[in-house]
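Novice: Got a structure for you, questions after.
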Amino acid sequence: MADQNIELDAVIVGAGFAGMYAIYRLRNMGLSVRAYERGDDVGGTWYWNRYPGARCDVPSIDYSYSFDPDLEQEWNWTEIMAAQPEILAYAQHVADRFDLRRDIQFETEVETAHFDEASRRWQVTTNRGDRIEARFLIMATGSLSQANTPEFEGLDTFKGAVYHTGRWPKEGVDFSGQRVGIIGTGSSGIQAIPEIARDAAHLTVFQRTPNYTMPAHNAPLSAEYLADVKRHYREIRETQRNSLVGIVAPGLGFGGSGATPPTENILETTEEERRRLLDEEGFAAIRRFVDVMTDLTANEVACEMYRQQVSRVVDDPETAEKLMPRGYPIGCKRPVIDTGYFETFNRDNVTLIDLQQGSIERITETGVQTAQGHFELDALVFATGFDAMTGSYLGVDIRGPSDNTLRDAWHAGPKTYLGLTVHGFPNLFLITGPGSPSVLTNMMVSTEQHIDWVADCIAHMDDRQLRSIEATDEAQEAWVEEVNIVSRGTMHTAPTCNSWYLGANIPGKTRVFMPYSGGFVTYRERCEEIVAAGYEGFTLSP
Ligand code: N01
């Protein structure tokens, strides 16, 4: 049933972790809210990315809501880094516990959102004929939700099944006895490849760029550990809020407060020392060094160390050579962690095709035609990522008061104030938008901070009977400049780096480094200072 002409305080687009918390927070303020979600249940990323091997790369203790102490106490994470089914079950539990679904309309896509100047309200329409008016539009659409399927000629002629890791069928896929091809070796491909290889008769991996990936060293969480965490959740949350990336889970040994921060310089080591470290610690040895992330020469030494380790794990020297990343630094792309990735190439039923030696020419009825030959397949998996950070916003036709479109406003790359708001679009809030720390941090911490900021902002406006808020052009320009400045000198913006952070994975997308890399705590404090200064950089109107 369509919501014909209903009026709300806020329309929330998306019912992943951000949308769910937005419903909870705003509803508790007495506001009328409704979320529109294209899936048939909650969970967002964890609803769609059900591919085999899908798992979070942030410890589950950190990757969980902090807003309700009882929820923390009653939920028992089973592994250091939870697999997709467990995270989806958590999302469903939260939806049940706080009765969120009554304010979510599933299987519905928001198509247009136009700001009407006269009423100063958003007019929103969906693919199911809903027409909603709302004071606020909250885009909780996620940073990695617009799946990218490259336009290969002939794809529609392929007679086998085609899947995208980010749109995995709910009922799962049985690959047994099949010849499967997978395109893409980012985080999704690297997680899926070992699992699919176990099921399929044969797996052909089409790799365009070899990746730097580190073993996850995942493990079950003991009852004692969980009990200890539960006693200390408040301190853990406080530490998260004051950390660079919101990952602090104690005692887990990677990036958190329990891990030893890197202090050594790789440029001060000898080749022999580096070899010994690889003998003792494998890939993890590379994490010891602090200069690797700040100095390109140090980084190249680490890359060489990495390649040596690949050749130790992969039996066939030719395959190992193809799997060795070259020509771009470690830390340029989003770090990838894996479970048995390189070992998978030692299996008899796995073939690696290095597309740098001859790219994909087209998809045929029976497989993939490359410049190196034709590969017969029964099923083809796209692990080709997402139109990241902007795709999900631009998927909705968002227009400001003068019929100005978000697409035009962002034609030279996204511009926002704090990654939360956009000049020219009053009462629009982006949750973890470009220009916020978002994907460089634990998304749970970042989304909660954003939604709290938005909720406090709406409360501030309501207390003063203000009807609209909009970022000024000057504040937005200054923020875009700040985002650029803090990204300089990092491996993310190294001249040879091409990543989805820069939009480089989508042909024709403007190359701009999109997330704020100054750290979560600095960002949070900036947001708080701006509020304390009376919403500096915003125009608030009665
Ligand atoms: O996508 P990607 P992803 N022909 O863009 C290749 C999060 N995530 O879904 O590098 C051939 O990283 C492309 O090649 P290249 C995480 O933030 C997290 O894997 O562009 N190949 C690349 O190998 C992650 O970073 C988790 O040359 C083509 C791959 O496809 C983000 O999601 C798990 C191609 C895409 O890699 C995205 O990861 C999964 C073409 N035309 C995802 N186009 C965890 O929490 C693209 N490729 C662990």
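Novice: Any chance you could count how many residues in the stretch 181-204 are away from the ligand (no atom under 16 Å from the Cβ) and either in a loop (DSSP other than H, G, I, E, B) or in contact (Cβ under 8 Å) with a residue 24 or more places away in the chain (or both)? Walk me through how you get there before you give the answer.
Specialist: Here is the first cut: in the stretch 181-204, the ones away from the ligand (no atom under 16 Å from the Cβ) are 197-202.
Within this subset, residues satisfying the condition of being either in a loop (DSSP other than H, G, I, E, B) or in contact (Cβ under 8 Å) with a residue 24 or more places away in the chain (or both) are 197, 199-202.
The qualifying residues number 5.
Novice: For D62, indicate whether it is over 27 Å from D456 (Cα atoms), outside the structural domain of T432 (by TED's automatic domain parsing) and within 16 Å of the ligand (Cβ to nearest atom).
Specialist: When the stated conditions are applied, D62 does not pass them.
Novice: All but one of (1) under 30 Å from M514 (Cα atoms); (2) at pLDDT 95 or above; (3) of a type outside the set (G, A, S) hold for T260; which doesn't?
Specialist: Unmet for T260, out of (1) under 30 Å from M514 (Cα atoms); (2) at pLDDT 95 or above; (3) of a type outside the set (G, A, S): (2).
Novice: Within the stretch 159-181, how many residues are farther than 20 Å from D387 by Cβ and either buried (at least 24 other Cβ atoms within 10 Å of the Cβ) or in the same structural domain as R27 (by TED's automatic domain parsing) (or both)?
Specialist: Counting residues in the stretch 159-181 that are farther than 20 Å from D387 by Cβ and either buried (at least 24 other Cβ atoms within 10 Å of the Cβ) or in the same structural domain as R27 (by TED's automatic domain parsing) (or both) gives 2.
Novice: Anything in the stretch 400-448 that is of a type in the set (S, T, Y), in a loop (DSSP other than H, G, I, E, B) and in contact with a helix residue (DSSP H, G or I) (Cβ under 8 Å, 6 or more places away or on another chain)? List them, or say none.
Specialist: T416, T432, T441
Novice: Identify, please: which residue in the stretch 139-176 is of a type in the set (S, T, N, Q) and within 30 Å of P426 (Cα to Cα) and is, among those, farthest from the ligand (Cβ to nearest atom)?
Specialist: T141
Novice: So, one more: Can we say G129 is away from the ligand (no atom under 16 Å from the Cβ) and either in the same structural domain as T364 (by TED's automatic domain parsing) or at positive phi (or both)?
Specialist: Yes: the conditions hold for G129.
Novice: Something else now. Residues in the stretch 372-422 that are buried (at least 24 other Cβ atoms within 10 Å of the Cβ), of a type in the set (G, A, S) and away from the ligand (no atom under 16 Å from the Cβ): how many?
Specialist: Total meeting the criteria: 1.
Novice: Which residues, taken from the stretch 316-338, are out of contact with any helix residue (DSSP H, G or I) (no Cβ under 6 Å at 6 or more places or on another chain) and either among the polar types (S, T, N, Q) or touching a residue at least 60 places away in the same chain (Cβ under 8 Å) (or both)?
Specialist: T319, K322, P325, R326, G327, Y328, K333, R334, P335, I337, listed by residue number.
Novice: Within the stretch 353-363, is even one residue under 20 Å from A200 (Cβ atoms) and in contact with a Leu (Cβ under 6 Å, 6 or more places away or on another chain)?
Specialist: yes
Novice: Let me ask you something else. F345 fails exactly one of the following numbered conditions: (1) surrounded by 16 or more Cβ atoms within 10 Å (Cβ to Cβ); (2) touching a Phe, Trp or Tyr at 6+ places or on another chain (Cβ under 9 Å); (3) not hydroxyl-bearing (S, T, Y). What is the number of that condition?
Specialist: Among (1) surrounded by 16 or more Cβ atoms within 10 Å (Cβ to Cβ); (2) touching a Phe, Trp or Tyr at 6+ places or on another chain (Cβ under 9 Å); (3) not hydroxyl-bearing (S, T, Y), F345 violates only (2).
Novice: Another question, then. How about the stretch 490-507: which of its residues are away from the ligand (no atom under 13 Å from the Cβ) and over 24 Å from N242 (Cβ atoms)? Steps first, please.
Specialist: Here is the first cut: in the stretch 490-507, the ones away from the ligand (no atom under 13 Å from the Cβ) are 490-491, 493-495.
M491, T493, A494, P495 - these are the residues of the stretch 490-507 that are away from the ligand (no atom under 13 Å from the Cβ) and over 24 Å from N242 (Cβ atoms).
Novice: Out of all the residues in the stretch 337-361, which are out of contact with any Ser or Thr (no Cβ under 7 Å at 6 or more places or on another chain), within 13 Å of the ligand (Cβ to nearest atom) and hydroxyl-bearing (S, T, Y)?
Specialist: T339, the sole residue that qualifies.
Every residue, every condition in (1) surrounded by fewer than 22 Cβ atoms within 10 Å (Cβ to Cβ); (2) of a type outside the set (S, T, Y); (3) away from the ligand (no atom under 16 Å from the Cβ), yes or no:
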{"site": "G19", "(1), (2), (3)": "no, yes, yes"}
{"site": "M29", "(1), (2), (3)": "yes, yes, yes"}
{"site": "Y47", "(1), (2), (3)": "no, no, no"}
{"site": "D57", "(1), (2), (3)": "yes, yes, no"}
{"site": "D70", "(1), (2), (3)": "yes, yes, yes"}
{"site": "Q73", "(1), (2), (3)": "yes, yes, yes"}
{"site": "E79", "(1), (2), (3)": "yes, yes, no"}
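The values are calculated or read from the model by the stated rules, or taken from the named source; none is laboratory data. Keep in mind it's a predicted model, so treat the numbers as computed, not measured. Positions of Cβ are backbone-derived with ideal geometry, glycine not excepted, and every protein chain shown enters the neighbour counts.
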